[in-house]
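Please treat every number below as a calculation from the coordinates, not as lab data. Computed from a predicted model, the values in this text were never measured in an experiment. FYI the Cβ positions are ideal-geometry reconstructions off the backbone, even for glycines, and counts take in every protein chain you see.
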Ligand code: ARG
């Protein structure tokens, strides 16, 4: 209904200007969805806002506006309510014509963005040789949903994996590699470092236990930083091993096209970042470190919080790399918008980063930058998510367990329903549902809040869950299967007629999808899509309970079949934006 809302605003504004004078030319009316169907479909507070400007009571302003505006092609006669709200109720004929105009459109009426932008999304970004934890899972899933939504709108999206692949910890890892697998460098094709997290722990243990090992680790850091070929080779071996483990997760989650540009990618650009900051006069030396200080950033003790770009020992920092990243994304990628999907714990870092980049002139005003923060995933009782033995939960194990739980649920259901299905069907559905459940549970919540991870809740067929949504789609598809209907071959010209209330309600919900996508783009909140799809499937259920479809007489039958088809297609597009797979049966 986006176009409708824009048109109504235009007419309301014109009516305001013609009634009250040209001084209202800069004024923008606001229209909201009505909070209660009793108030119609949309509501505007325009009269209350104008009342003080034109020095007349709000209800009088509302009456005058209604008399001056013609919305009769779209709405029933507007009503004044309460202190001066104007309520709008859509006409059935208008809804029918709108549905008619989208029913043959593969994009179901969602226009492409114009102009299209280049959007760089920094997401996932785990650290080499360390555990990829649930925080990285959230970043991956949320980032991917945003990427899919922007791509659907026609934007050019670049998904960057800013992996932590550089730093002093590599000295220790390389030293351990040389100790534990002496043949690694001469026969790199044959090495398998196994589980790198274990490898990291062993390296750490040696480091803490032996001074000699500490010395060789330090030498390795120096060798690596100075580009010693052997150290670089060892570093690459370690990175490759991690990469394989990460890739396994991305394939399971169906997160494609993630471009790895780790921290090391920016190494050669770091000295310039620091010297350019110096020439802009932004650098201050503080206890031997090179820092930028910004107004309003304080540490816990209330002292100014430095943004350190060069440490006392001469090494560069996380912050320096991110500044180089901004420069590169703006200059080389020609980004119009930079998005960082990173946990809420790093909010101060991204706020500082943005300000420094703006001050230095590396992030021009026309390039948007946004940190998309998210809360933590917690275990039972609101504690840290851990295995029974108190270890960090591995993502691979977590996803495997989700698939196993989905399988158990499915097998139980098949037994109850006395259905028998092939092993192929069972494993396919379990895989799709298990992964979808994890993704959807994450995406359906306001990302800012923490949430408690529960397989039971996320796999439930009731409530706002992936299985519920997938099942809603299956059910709608079931109608066409049962009736032997090919939606693409329906003779559907001018057949949409909304007679019952449940049909009108469903129609309105279907036509709201564009507003929902718009709000996701504005606020970068994918949970809006989940809320909408959940609402759509509930409204559909009410329609299905109240309006016979296959047994209805024409023209209602075709009209209702079209509503079913539009619902299924909307669910499909909506779920695809979330990266949730669909199954035809489950
Ligand atoms: N590797 C970091 C971590 O695990 C996240 C990096 C986020 N991206 C960035 N450009 N700083 O916390």
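With the convex hull drawn over the C-alpha atoms of the range 435-475, the volume per residue is 62 Å³. Taking the Kirkwood radius as Rh and the Cα radius of gyration as Rg, the range 103-198 has a ratio of Rg/Rh equal to 1.22.
Computed across the range 6-115, the Kirkwood radius stands at 15.1 Å (inverse of mean 1/r, all Cα pairs).
Taking only alpha carbon atoms, the range 470-576 gives an Rg to Rh ratio of 0.98, where Rh is the Kirkwood radius.
Using C-alpha pairs under 8 Å with a sequence gap of at least 6, the mean separation divided by the residue count of the chain gives a relative contact order of 13 percent.
Spherically averaged projected area of the convex hull of Cα atoms, the range 177-303: 12.6 nm². Whole Å is fine, so just give me how far the alpha carbon centre of the range 421-493 lies from that of the range 572-586. Their Cα centres are 7 Å away from one another. Counting only Cα atoms, the size of the range 55-168 along its three principal axes is 72, 42, 26 Å, in decreasing order. Label positions at residue 449 and residue 391, each projected 7 Å from the Cα along the C-beta direction, are separated by 3.3 nm. Distance from the C-alpha centroid of the range 1-75 to that of the range 217-241: 66 Å, rounded to the whole angstrom. Normalised by 2.2 N^0.38 Å, where N is the number of residues, the C-alpha radius of gyration of the range 317-460 stands at 1.46. Taking Cα atoms only, the orientation of helix 196-209 departs from the longest principal axis of the chain by about 40 degrees. Compared with the dominant principal axis of the Cα atoms in the chain, helix 92-102 is inclined by about 40°. By the compact-protein rule of thumb, 2.2 N^0.38 Å, the alpha-carbon radius of gyration of the range 412-522 corresponds to a ratio of 1.38. Panel values: the range 266-356, Kirkwood radius from alpha carbon pairs, Stokes-Einstein at 37 °C and 0.692 mPa s, translational diffusion coefficient 237 µm²/s. Beta bridges assigned by DSSP with both partners in the chain are antiparallel in approximately 50 percent of cases.
Set the Cα radius of gyration of the range 125-252 against 2.2 N^0.38 Å, with N its number of residues, and you get 1.23.
Each peptide among 405-416, 89-100, 148-159 gets the average number of other Cβ atoms lying within 10 Å of its residues, and from highest to lowest they stand as 148-159, 89-100, 405-416. Taking only the Cα atoms of the range 194-241, the radius of gyration and Dmax are 11.5, 29 Å.
Helical content alone sets the calculated 222 nm signal of the chain at -17000 deg cm²/dmol, taking -39,500 (n - 2.57) per DSSP H segment of four or more residues and averaging over every residue.
Working note: Cα atoms of the chain, range along each principal axis, descending, whole Å: 85, 70, 42. Measure nothing fancy, just the Cα-based angle from helix 466-483's long axis to the longest principal axis of the chain, in degrees from 0 to 90, nearest 10. Between helix and principal axis, roughly 50 degrees.
Looking at the range 277-411 alone, DSSP beta bridges between its own residues are antiparallel in about 70 percent of cases.
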